[in-house]
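A short write-up of the structure that comes next.
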Amino acid sequence: MSGIADVRVAGQEIRLEHVSKSYGTGLAADDVNLIVPAGSFTVLLGPSGCGKSTTLRMIAGLEETTDGRILIGDRDVTRVGVAQRNLSMVFQSYALFPHLSVAENITFGLKVRKVSRAERQRRLQTVASVLGLEALLERKPGQLSGGQQQRVALGRAIIAEKPVCLMDEPLSNLDAKLRHEMRVEIRALQQQLGFTMVYVTHDQVEAITMADQVVLLNGGRIEQVADPRTLYARPATMFAARFIGTPPMNLIPASALPVEALPRGTRSDDMIGVRPEALILDASGPVRGVVRSVEYLGSDTLVDLDVDGALVQARLPGQDMPAPGTLLAFGHGPDDLHVFDPATGRRREGGVVETGLPRQSN
Amino acid sequence: MEQLLVALGSMALGVGACALYFWGSNRLLDLVFPARSAHAAANIRRANLIRPWLFLGPAVIILTVYLVYPVLNSIWLSLHGRTGEEFVGLDNYVWLFGDDGFRESIRNNLLWLVVVPAASTFFGLIAAALTDRIAWGNIAKSLIFMPMAISFIGASVIWKFIYDVRAADVEQIGLLNAIVVALGGAPQAWIALPFWNNFFLMVILIWIQTGFAMVILSAALRGIPEETVEAAVLDGANPLQIFLKIKVPQIWGTIAVVWTTITILVLKVFDIVLAMTNGQWGTQVLANFMFDWMFRGLDFGRAATIALVIMALVVPIMIWNIREAQKDA
Ligand SMILES: Nc1ncnc2c1ncn2[C@@H]1O[C@H](COP(=O)(O)OP(=O)(O)O)[C@@H](O)[C@H]1O
Ligand SMILES: [Mg+2]
């Protein structure tokens with residue numbers, strides 16, 4: 001019986017240097033600098049229209065760069081054709097060939113590259129058993145469920161045994177339960193097979209749960225590159241602070257909080273970020289507000305507070321249901337306040353602006 | 001001037017009468033079965049049963065008069081003599097299947113049937129694929145499509161000039177002969193060249209139908225999801241492989257519809273043959289053969305028999321064509 005070990009490949013590093021893409025009406029990618037380490041699972045995350053697909057398609061070669069260089073495994077591929085970049089891709093629509101059977105879909109690439117029939121069959125069996133597609137090989141894509149089509153698309157990507165795999169929102173057409181299963185499965189597959197993954201999603205949960213490294217994009221620019229923990233615990237910009245976490249991090253003008261509660265070096269016009277789940281009921285705490293509304297979520301309760309004119313959300317554990325109008329006071333842990341410079345939107349760290357962007361040293 | 005006024009007047013009258021009919025009959029139905037009385041529900045149900053027939057009625061009647069009646073009358077005529085008076089049983093059919101002209105027509109129709117739809121669809125597909133990718137593709141498309149706007153007779157007149165032949169010692173005004181002479185050959189009477197002249201006539205219809213095939217197939221090609229093409233590119237397929245293995249198979253349904261549509265047209269081909277050769281020099285086809293017996297032979301029985309043969313050939317293809325077109329939609 002053949003297994004996963006037969007299809008293991010060595011991932012390659014991907015490097016984007018000052019990559020820009022213009023569609024005539026503004027930049028879809030704006031001076032993107034990025035290193036995707038070999039064998040890593042890197043997620044491009046951001047709201048719709050921020051340039052994730054554009055960036056991914058430039059790596060694939062389906063879109064030309066307007067500026068900058070793209071390197072895959074030390075080879076400059078900026079002007080190299082799609083097929084010569086040695087990568088595979090899973091599309092949001094799956095892009096299965098409707099007239100070919102599952103088996104033919106999966107082996108299409110091998111066939112075009114004139115891989116022998118016996119070798120094709122061998123690899124097909126391996127991939128089919130890894131993805132549980134054995135019983136479906138003779139069907140046409142139209143006779144498969146969404147989840148099964150998704151598996152075929154995955155099979156088509158991994159049978160090629162390419163060092164790099166790109167995926168553009170591959171789970172967005174699945175229902176919630178299946179999406180969760182596939183999340184786990186894709187992550188496991190990537191770790192077992194060892195290829196470098198660049199994965200596009202607008203869903204922060206997908207990014208946080210799957211990634212080794214998250215690249216947060218906004219308006220064609222990189223906001224932050226970090227592992228999921230860092231992204232959550234130390235957002236580099238106000239955008240990152242608001243984008244990650246549900247509900248999003250509170251941003252309060254420093255002037256709304258008592259001076260003694262603020263970290264040292266905070267200026268009066270700075271914005272203070274604090275997560276709803278970091279606020280802990282504490283009668284002597286520095287964050288004081290009047291309850292405006294209460295939202296019961298089952299496992300916990302979300303309260304909207306009026307803190308000196310600013311709206312602040314706090315997450316209360318369990319069954320606490322304060323009545324609107326109640327005055328509540330909250331404390332927080334030592335690292336739970338984040339200071340942002342409103343002029344740049346960047347995080348302020350002891351007077352030093354931390355960018356989180358890997359910069360070229362040129 | 002007066003004619004124009006009469007034409008405009010009758011057009012206005014016709015459209016007005018139609019509008020009045022649809023509006024009036026609908027109104028009448030609502031008055032007979034008001035949706036308000038105690039029986040509102042029953043009335044609405046009854047009115048809805050009748051309403052489709054009010055709207056379909058005129059079309060059904062016209063179809064009956066212009067389609068069903070002629071078919072029945074043709075069958076009746078085919079069983080009668082040249083004036084349609086004395087009953088002759090199956091004599092017309094017996095004559096037909098022994099007739100040389102009919103054999104020649106069938107052979108030529110089969111030739112047309114094989115060559116014209118295949119060539120038109122093939123060239124149309126090539127033109128659609130090539131013009132989709134280039135900047136001046138739309139100009140090229142309009143040029144290829146233009147012959148569609150010319151009547152078959154008009155096209156035949158144009159091609160008569162291309163195939164025209166003059167005596168060897170005067171200057172050739174036919175394009176084809178001019179080229180042949182320029183290359184040092186002897187001028188030919190192309191349309192009188194047995195057997196091959198069939199193909200020279202077919203070229204005219206191919207010239208016209210390629211535009212039609214191109215337009216339909218070009219729309220179908222654009223309907224192919226771009227991502228399937230990109231996936232094939234990623235898999236390393238070259239443009240020819242993508243065209244043959246990814247694009248063409250995805251538009252098979254449309255190709256079949258284009259093919260059969262042209263096939264039906266070819267089975268009825270008439271004007272081109274009439275205008276170019278009138279069926280001489282071995283170019284006879286069924287429709288022209290029928291026309292010959294109808295208006296030159298003045299034999300209604302034989303003409304009707306030929307007409308029925310044409311119908312028997314067209315109908316199955318037509319049914320298949322309509323089914324396929326609906327499957328596509
Ligand atoms: N082919 C195109 N032509 C013009 N503008 C485009 C094209 N593709 C994308 N864009 C624009 O580029 C921006 C980024 O698009 P995209 O990369 O698809 O975003 P995302 O995948 O993050 O949702 C958007 O503003 C979009 O309108
Ligand atoms: Mg996208």
Seminar exercise, completed: A:Gly24 fails exactly one of (1) within 15 Å of ligand 1 (Cβ to nearest atom); (2) on the phi > 0 side of the Ramachandran plot; (3) outside any loop (DSSP other than H, G, I, E, B), namely (3)
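Would you please name the residue that is farthest from ligand 1 (Cβ to nearest atom), looking only at residues in the stretch A:58-74 that are within 18 Å of B:Ala232 (Cβ to Cβ) and assigned to a loop (DSSP other than H, G, I, E, B)?
Taking the stretch A:58-74 as the starting set, the residues that turn out to be within 18 Å of B:Ala232 (Cβ to Cβ) are A:60-63.
Remaining after also requiring assigned to a loop (DSSP other than H, G, I, E, B): A:61-63.
Working: A:Gly61: 15, A:Leu62: 11, A:Glu63: 8 Å.
Here the residue is A:Gly61.
Of B:Lys268, B:Lys245, which residue is surrounded by fewer than 21 Cβ atoms within 10 Å (Cβ to Cβ), within 14 Å of chain A (Cβ to nearest Cβ) and touching a residue at least 12 places away in the same chain (Cβ under 8 Å)? I'd like the intermediate steps shown before the answer.
Details: B:Lys268 fails: within 14 Å of chain A (Cβ to nearest Cβ).
When all the criteria are applied, what remains is B:Lys245.
Select from the stretch A:75-115 the residues that are farther than 23 Å from B:Gln250 by Cα and either among the hydroxyl-bearing types (Ser, Thr, Tyr) or assigned to a helix (DSSP H, G or I) (or both) and list them in ascending order.
Filtering the stretch A:75-115 for residues farther than 23 Å from B:Gln250 by Cα gives A:75-81, A:84-87, A:115.
Of everything in the stretch A:75-115, those that are farther than 23 Å from B:Gln250 by Cα and either among the hydroxyl-bearing types (Ser, Thr, Tyr) or assigned to a helix (DSSP H, G or I) (or both) turn out to be A:Thr78, A:Gln84, A:Arg85.
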For this session: For the stretch A:27-49, indicate whether the set of residues that are more than 9 Å from ligand 1 (Cβ to nearest atom), within 14 Å of chain B (Cβ to nearest Cβ) and not polar (S, T, N, Q) is non-empty.
Result: no
Seminar exercise, completed: Subset of the stretch B:229-242, residues at the interface with chain A (Cβ under 8 Å from one of its Cβ atoms) and either within 15 Å of A:Leu100 (Cβ to Cβ) or in contact (Cβ under 8 Å) with a residue 60 or more places away in the chain (or both), comes to B:Ala231, B:Ala232, B:Asp235, B:Ala237, B:Gln241
Seminar exercise, completed: The helices (runs of 4 or more DSSP H) lying wholly within the stretch B:83-149 that contain at least 1 residues that are over 30 Å from B:Gly282 (Cβ atoms) and under 21 Å from the mean Cα position of the chain (by Cα) are B:100-131, B:137-145
For this session: Could you check A:Met238 against (1) more than 17 Å from A:Arg348 (Cα to Cα); (2) over 15 Å from the mean Cα position of the chain (by Cα) and say which number it fails?
Result: (1)
Seminar exercise, completed: Note on the stretch A:28-47: residues farther than 18 Å from A:Asp212 by Cα and within 16 Å of ligand 2 (Cβ to nearest atom) are A:Ala28, A:Ala29, A:Val32, A:Pro47
Exercise. Would you pick out the residues in the stretch A:93-107 that are within 8 Å of another protein chain (Cβ to nearest Cβ) and among the polar types (S, T, N, Q)?
Worked result: A:Ser93
For this session: Identify the single condition in (1) crowded, with 18+ Cβ neighbours inside 10 Å; (2) of a type in the set (D, E, K, R); (3) within 14 Å of chain A (Cβ to nearest Cβ) that B:Glu226 does not satisfy, given that it satisfies every other one.
Result: (1)
For this session: Report those helices (runs of 4 or more DSSP H) wholly inside the stretch A:163-235 carrying at least 2 residues which are over 16 Å from A:Pro47 (Cα atoms) and in contact with a Leu (Cβ under 8 Å, 6 or more places away or on another chain).
Result: A:176-193
Problem set entry | Candidate set from the stretch A:75-89 (those that are among the aliphatic types (A, V, I, L, M) and more than 9 Å from chain B (Cβ to nearest Cβ)); member that is nearest to ligand 1 (Cβ to nearest atom) | A:Val77
For this session: Sort out which residues of the stretch A:144-177 are more than 16 Å from ligand 1 (Cβ to nearest atom), surrounded by fewer than 16 Cβ atoms within 10 Å (Cβ to Cβ) and either among the hydroxyl-bearing types (Ser, Thr, Tyr) or over 18 Å from B:Ala231 (Cβ atoms) (or both), and write them in order of number.
Result: A:Ser145, A:Asp175, A:Ala176, A:Lys177
Exercise. Of the numbered conditions (1) within 14 Å of chain B (Cβ to nearest Cβ); (2) in a loop (DSSP other than H, G, I, E, B), A:Arg139 satisfies every one except a single condition; which is it?
Worked result: (1)
For this session: Looking at (1) without any contact (Cβ under 8 Å) to a residue 12 or more places away in the chain; (2) farther than 16 Å from A:Ala329 by Cα, find the lone condition where A:Asp269 falls short.
Result: (1)
Seminar exercise, completed: By residue number, the members of the stretch A:94-137 that are crowded, with 17+ Cβ neighbours inside 10 Å, within 29 Å of the chain's Cα centre (by Cα) and either touching a residue at least 40 places away in the same chain (Cβ under 8 Å) or within 13 Å of B:Ala232 (Cβ to Cβ) (or both) are A:Tyr94, A:Ala95, A:Leu96, A:Phe97, A:Asn105, A:Ile106, A:Gly109, A:Val127, A:Val130
For this session: Could you please tell me which pairs satisfy a Cβ distance under 7 Å, a separation of 6+ or placement on different chains, a first residue in the stretch A:320-344 that is of a type in the set (Ser, Thr, Tyr), and a second residue that is surrounded by fewer than 16 Cβ atoms within 10 Å (Cβ to Cβ)?
Result: A:Thr344/A:Val353
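No value in this document is a laboratory result; all are computed from the given coordinates. Here the structure is a predicted model, which means the values were calculated and not measured. Positions of Cβ are generated from backbone atoms using ideal geometry, with glycine treated the same way; all protein chains shown enter the neighbour counts.
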